[in-house]
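Worksheet for the structure shown next.
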Amino acid sequence: MVSLIVEHRWKGKNQDEAFKVVGSIIDMQKNGKLPAGFTLKSVNVIGDERMAICEWEAPSLEDFKSLMEKVNPPTKHEIFATQKLL
């Protein structure tokens, strides 16, 4: 299991679509519908910057990248593996 931070950025014209994707993933987390081994821990939106920071747990970095390819969010994103210190 790996802990990941995903930084998403979107253009103003993509905001509605980005929020729709995020909303559906949050609903999947709440209803236990995410693929086995994936947990969305938090979503933090910085609206003025058109940016969101999401914290995930996933079986592996490669598994998460594969999931992101399937979801294909309307954002530019970077994925970082993290180690929690506190």
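Please treat every number below as a calculation from the coordinates, not as lab data. Everything quoted here is computed from the prediction, not taken from an experiment. In this analysis, Cβ positions are derived from the backbone assuming ideal geometry, glycine residues included, and neighbour counts consider all displayed protein chains.
Quick notes on this structure:
- The charge dipole of the chain, taken about its Cα centre with unit charges on the Cβ of Lys, Arg, Asp and Glu (plus for the first two, minus for the last two), comes to roughly 140 debye.
- Computed over the chain, the per-residue total of -39500 (n - 2.57) for DSSP H runs of n ≥ 4 gives a 222 nm mean residue ellipticity of -10000 deg cm²/dmol, rounded to 500.
- On Cα atoms only, tilt of 61-71 relative to the major axis of the chain in degrees: 40 degrees
- Dipole of the range 2-82, positive direction: furthest Cα of 80, 25, 40, with charges on the beta-carbon: 25
- Electrostatic bookkeeping for residue 79 treats Lys and Arg as +1 and Asp and Glu as -1; over the other residues with beta carbon under 10 Å from its beta carbon, the sum is -1.
- Our Cα-only numbers for the chain put the radius of gyration and Dmax at 12.5, 37 Å.
- Exposure proxy ranking for 7, 78, based on other Cβ atoms within 10 angstrom of each Cβ and starting from the fewest, stands as 78, 7.
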